[in-house]
Amino acid sequence: MKTLHLRITSAKFEEDPALLQAAEILRRGGLVAFPTETVYGLGANALNAAAVGRIFQAKQRPHWDPVIVHVTSVVEARRLTSEWRAEAERLAAAYWPGPLTMLLPRADEIPLVCTAGRDKVGLRWPSHPVAQALIRAAGVPVAAPSANRFGHTSPTTAEHVLADLDGRIDAVLDGGPCTVGVESTVLDPGLKPPVIYRPGGITPEQVRRVLGEVTVAQRKVSDEAPPESLESPGLGIRHYAPRARVLLVESQEEFMATAGRELSSGKVGVLLPREWTAPDGAEAFAWGSWDDAAGLARGLYDGLRVLDEKGVAVIVCPLPPAEGIGLAVRDRLLKAAK
């Protein structure tokens with residue numbers, strides 16, 4: 001299969017020839033990677049079970065890992081549920097369009113392949129204008145996990161997508177780099193209290209402002225046999241991992257000591273906060289300011305990929321505080337570490 005690299009060239013996304021070609025591919029059951037504000041997604045017609053099945057084949061993704069269905073309005077989201085909860089209405093009013101996925105009882109028209117056989121579907125209205133224009137032009141809700149090989153580092157540019165999936169999908173729609181840089185928050189608003197299964201672009205603090213009490217699911221990362229299905233994408237399994245071994249540290253002192261020790265036995269890369277110093281001999285990716293958690297999130301996957309391309313054996317990375325979007329960055333790094 002030849003993967004088309006379709007580049008947006010017009011400010012009027014709805015009329016852009018590349019976007020219209022991508023929408024036609026989706027309508028006929030093909031696979032298109034496209035930008036969202038979080039990461040690039042690998043899209044298929046969510047109402048076409050065979051098309052969604054091709055996502056799993058292209059990514060080598062196990063069927064116990066559900067996918068998120070993307071829409072462009074609250075009206076469309078309501079239609080895809082058998083029960084639209086009051087909590088969902090409040091969250092949608094506050095944070096849609098945006099990086100929030102809500103787990104809600106699925107309507108019968110949503111194929112079970114989207115939900116890993118569960119009775120709840122993850123729904124999201126992305127804020128990226130190219131994603132919105134593509135879904136509208138396709139005329140169907142779009143199922144889309146991240147556009148990478150299963151378990152690999154998520155893509156935040158079209159080039160990242162092609163590095164993993166060139167020749168395995170029909171097209172990638174290039175809308176430039178993603179602005180959030182980590183996946184959406186996945187939340188079940190129907191539980192008491194509501195549960196965040198995956199921290200992401202909408203923080204627990206933001207959810208609490210709308211719903212009050214909320215908990216963050218804790219599940220041990222394991223390579224053991226997975227359950228028959230997961231409540232949320234990326235939950236409780238190793239994910240987001242580069243080829244290099246990832247070593248995590250909690251302080252600048254530990255950062256220097258760990259990188260220095262590893263340099264004695266091989267090539268080392270570091271995700272380097274602007275205010276910190278890299279040890280001599282290490283390959284450093286300029287990660288941004290340590291006080292800017294949003295910037296760290298935006299650069300996380302690009303940094304892991306850049307250091308991988310430089311052939312490092314080990315990547316040493318500090319864990320930001322578990323506050324705001326820093327919680328999502330910690331979650332991804334903990335799942336990427338080996």
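Throughout, read-outs are computed from the coordinates displayed, never taken from laboratory work. The structure displayed is predicted, hence computed values, not measured ones. Please note: Cβ atoms are built from the backbone with ideal geometry, for glycine as well, and neighbour counts cover all protein chains shown.
Things worth noting here:
- Three principal axis lengths of segment 245-336 [C-alpha, angstrom, descending]: 36, 26, 21
- A Cβ-based charge dipole, computed about the Cα centre of segment 245-336 with Lys and Arg at +1 and Asp and Glu at -1, lands at about 340 debye.
- The relative contact order of segment 67-170 comes to 33 percent, based on Cα pairs under 8 Å that sit 6 or more residues apart.
- Antiparallel %, DSSP beta bridges [both residues in the chain], to 5: 35
- Separation between Cα centres of segment 92-128 and segment 259-338, rounded to whole Å: 32
- Segment 41-84-segment 147-212 distance, computed between alpha-carbon centres (Å): 14
- Added length on full extension, which subtracts the Cα-Cα distance from 0.36 nm per residue, E89 to D166: 23.8 nm
- Residue-wise HN-Hα coupling along segment 49-58, computed from phi with Karplus coefficients 6.51, -1.76, 1.60 (Hz; x: Gly, Pro): 4, 5, 5, 4, x, 5, 4, 4, 5, 5
- Gained length - R243 relative to E159, 0.36 nm times residue gap less alpha-carbon distance: 28.5 nm
- In a simple Cβ point-charge model (Lys, Arg +1; Asp, Glu -1; nothing else charged), the chain has a dipole of about 640 debye relative to its Cα centre.
- Expressed as a fraction of 2.2 N^0.38 Å, the value expected for a compact globular protein of N residues, the C-alpha radius of gyration of segment 4-183 is 0.93.
- Residues whose placed amide H lies under 5 Å from that of R198, excluding near-sequence neighbours: V186
- The length gained by stretching the chain between E275 and E205 to full extension, at 0.36 nm per residue less their Cα-Cα distance, is 22.5 nm.
- Considering only P111, F150, A86, the residue lying farthest towards the positive end of the dipole of the chain is P111, judged by Cα position with unit charges set on Cβ.
- Exposure proxy for F34, F56: other Cβ atoms within 10 Å of each Cβ, ordered fewest to most, give F56, F34.
- With both residues required to sit in segment 4-183, DSSP beta bridges show an antiparallel share near 60%.
- Cα pair count fraction exceeding 35 Å, expressed as % - the chain: 19
- Pairs of Cα atoms nearer than 8 Å and 6+ residues apart set the relative contact order; for segment 245-336 it is 35 percent.
- The mean sequence separation of alpha-carbon pairs under 8 Å and at least six residues apart, normalised by the residue count of the chain, gives a relative contact order of 19 percent.
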